[in-house]
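Step one of this worksheet: look at the structure below.
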Amino acid sequence: MNPKEEEPRNVDIKDETAIKNSSDITAFLVNMNQAPRTLTQAQVQEISPSALAYLGDAIYELYVRMFFLWPKQRPEIYHHLVVAQVRAETQALHLRSLTPHLRSNELEIVRRGRNAATGRPKRLNPEIYQQATSLETLIGYLYLTDYPRLQELLQKLHLEK
């Protein structure tokens, strides 16, 4: 097989009723994506906390968007549900709920993300913005270094429908 070709992923969903409760949805979300190619620790150390937060923001929003796909909604309902979860205030709450479960190296990444948070919107308390950026930094870091651990932590989030 050509290295640039990817094997097609088979998603085993017979219909949307197969995914009816939160644990089914979470299991589907966590298992449907292939783990990304992991980088060496030296490569990851070269990536700035701001760049990790940039990546983590995208990964987090994708996870939240996928979470709200079931049951079917109108697009504007999806949008409102997702926006409520990706706001800095909600991300800060999620970080606080995950903190007791974090390992020492993950706490260090959170600290680096907090210290890198600059240029916050005026409406936000600086501490909230730092916490949200810290969560995004952690997600970006784990996406690149330890995808199974990222899956484990994402499952602990309490997304509200």
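The values are calculated or read from the model by the stated rules, or taken from the named source; none is laboratory data. This is a predicted model, so every value here is computed, not measured. In this analysis, Cβ positions are derived from the backbone assuming ideal geometry, glycine residues included, and neighbour counts consider all displayed protein chains.
A few notes on this one:
- Residues (under 15 Å from the mean Cα position of the chain (by Cα), more than 17 Å from residue 149 (Cβ to Cβ) and small (Gly, Ala, Ser)) located in segment 83-117: 84, 88, 92
- Residue that is at pLDDT 95 or above and part of a helix (DSSP H, G or I), where the choices are 106, 76, 127: 106
- Residue match in segment 140-154 (condition: touching a Gly at 6+ places or on another chain (Cβ under 6 Å), part of a helix (DSSP H, G or I) and touching a residue at least 24 places away in the same chain (Cβ under 8 Å)): yes
- Pairs, first within 21 Å of residue 111 (Cβ to Cβ) in segment 80-93, second assigned to a helix (DSSP H, G or I) and among the hydroxyl-bearing types (Ser, Thr, Tyr), C-beta under 7 Å, six or more apart: 88/129
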